[in-house]
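Only one structure is covered here, and it is reproduced in the block below.
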Amino acid sequence: MSVRIAVNEPHITETAKRLVQQTMESGFVSSAGPMVRQFESTFAAFLGVEHAVTINSGTSALHLALLALGIGPGDEVIVPDFTMIATVNAVLYCGATPVLVDVDPEIFTLDPGLIEARITPRTRALIVVHLYGHSADMQPIMAMARMRGLAVVEDAAEAHGARCRGRLCGSLGDIAAFSFYGNKLITTGEGGMVVTDDAALAARVRSLRDMAHDPEKRFRHVELGFSFRMSSLQAALGLGQLQHVDELLARKQRMAEHYRRRLAEHAGLRLPVTKDWAENMHWMFSVLVEPQAGMTRDAFCAALRSRGIDTRDFFLPCSTQPLLRGRLPANDTFPVSNDIAARGCYLPSGLALTEMQIDAVCDAVDEVLA
Ligand SMILES: *Cc1c(COP(=O)(O)O)cnc(C)c1O
């Protein structure tokens, strides 16, 4: 059977369509013109941070955030074992060494209790990843990082509007990266943003994003820059959605509540956990297939697929990636990330999903787990 309900279908607001149209007619199609700056200042205001710099992707945003911090060869950067490969790649692009740490079994983010043991004299920074819309436990992480003199980068690609102890993800560390890929809450199709309160870091990112032109003399280059700019058309798309971000976040809450109401009775599924200090924005409704289901995650997802329901498996643990073979300490184990990677998936969660479609997904889950 073909897919009836996709795992993600974006919802492009009318405001966004209108802004893109106007921008096209304005003649400013590259990164030049007012639209990019407007998207940046509106995003900074939304987060309550001083500086926001648009980038061509979330991965490039992470890369430039690390470069701005001065991360380079010989440095170690702590990253969670359970994340999208972009987090690790950004460290590798800088010529630095990723040091993997296992994650929390309930919220899948960096386990604060395991970080200390992995800090060495070469550790310079750590990247926390707020996964599936739930913030990492920032309080102990920031306390430790401050004590040990480590920079904290937030990978907030999946956490637009999520909060930790009342504060928005992306405003909690030293610098943060967002993605606006097609499946993220706010999307520009492809795109990203670096945010920070630090003017010097923001200036470094702005320069590196656009070929590092000498401020004194355009087309003179002292250091190696990148062509990581976002276009005005993309910025218009992002700004048009950002103007309705509260509505988009409210829609995500309603979707998650609907799933929770319908699926709470299934002992075979563990629904997303929200810590009492967090506001989960439920980017994707992620579930773990429990032993009580009497089937594997793969069997569960295949059975849903045969009913026309698309799902997405969790990431593979970074420690199992062939890319990193030979680059990791041999004696490390990552029991939590291996367990959740084998049992986790997310259900259709795009902003275009209707209540009727959520009911259809839940009907299919009822059948599969019956
Ligand atoms: C989407 C995502 C990224 C990368 O974003 P791109 O815009 O696709 O480069 C990085 N980290 C996480 C956790 C993501 O989900």
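Straight Cα distances below 15 angstrom link Lys17 to the aspartates and glutamates Glu25, with same-chain residues fewer than 8 positions distant left out.
Under 14 Å from a label point 7 Å along Cα→Cβ of Thr274: give me every residue in segment 147-163 with its amide N that close. From segment 147-163, the list is 161-163.
Model label sites at Asp198 and Met211, defined 7 Å from Cα along the beta-carbon direction, differ in position by 2.8 nm.
The residues neighbouring Gly58, those whose beta-carbon lies less than 15 Å from its own, together hold a net charge of -1 under the Lys/Arg +1, Asp/Glu -1 convention. Each Lys and Arg adds +1 at its Cβ and each Asp and Glu adds -1 at its Cβ; summed about the Cα centre, the chain shows a dipole of about 640 debye.
Taking only Cα atoms and a 10 Å spring cutoff, compute GNM fluctuations for the chain and point out the largest among Leu239, Leu92, Leu114. Looking only at Leu239, Leu92, Leu114, the largest GNM fluctuation is found for Leu114.
Shown is the FRET efficiency for Arg118 and Ser306, computed with R0 = 35 Å from the Cβ-Cβ distance and rounded to the nearest 0.05: 0.25. Only helices enter the 222 nm calculation for the chain: every DSSP H run of n ≥ 4 contributes -39,500 (n - 2.57), and dividing by all residues gives -11000 deg cm²/dmol, rounded to 500. By the beta-carbon count within 10 Å of each Cβ, the least crowded to most crowded order of Tyr93, Tyr132, Tyr181, fewest first, is Tyr93, Tyr181, Tyr132. Rounded to the nearest 0.05, the FRET efficiency derived from the C-beta distance between Glu223 and Glu190 at R0 = 35 Å is 0.85. Listed by chain and number, the lysines placed with their C-alpha closer than 25 angstrom to that of Lys275 are Lys184, Lys252; residues fewer than eight positions away on the same chain are left out.
Each Lys or Arg adds one and each Asp or Glu takes one away; over the other residues whose Cβ falls under 13 Å from the Cβ of Ala250, this sums to -1. Taking 0.36 nm per residue of separation and subtracting the Cα-Cα distance, full extension of the segment from Asp366 to Lys17 would add 121.9 nm.
Here is the list for segment 251-330: GluC sites (Glu not before Pro) lying in DSSP coil, each with at most 13 other C-beta atoms within 10 angstrom of its C-beta, are Glu265. Which stretch or stretches of segment 229-267 have amide N atoms under 19 Å from the point lying 7 Å from Glu25's Cα along the Cα→Cβ direction? What the label zone holds, given the 19 Å backbone N cut-off, is 232-241.
With the simple model of a label 7 Å out from the Cα in the direction of the Cβ, Asp359 to Ala45 spans 4.0 nm. Within the listed set Ser171, Ser30, Ser57, the residue fluctuating most in the Gaussian network model of the chain (springs between alpha-carbon atoms under 10 angstrom) is Ser30.
The listed peptides 319-331, 219-231, ordered by packing as a protection proxy, come out as 219-231, 319-331 (highest mean of other Cβ atoms within 10 Å first).
For the chain, modelled as a GNM with alpha-carbon contacts under 10 angstrom, which of Val205, Val53, Val20 fluctuates the most? Greatest mean-square fluctuation among the candidates belongs to Val20. Model label points for Val3 and Gln292, set 7 angstrom from Cα along the Cα-to-Cβ axis, are 3.0 nm apart. This ranking places Asp332, Asp276, Asp198, Asp104 by how few other beta-carbon atoms lie within 10 Å of each, fewest first, which gives Asp276, Asp332, Asp198, Asp104.
Laboratory data are not the source of any read-out in this text; all were calculated from the coordinates shown. Predicted model, so just to flag it, every value in this text is computed and none were measured. Using ideal geometry, Cβ is built from the backbone for each residue, glycine included, and neighbour counts are taken over all protein chains shown.
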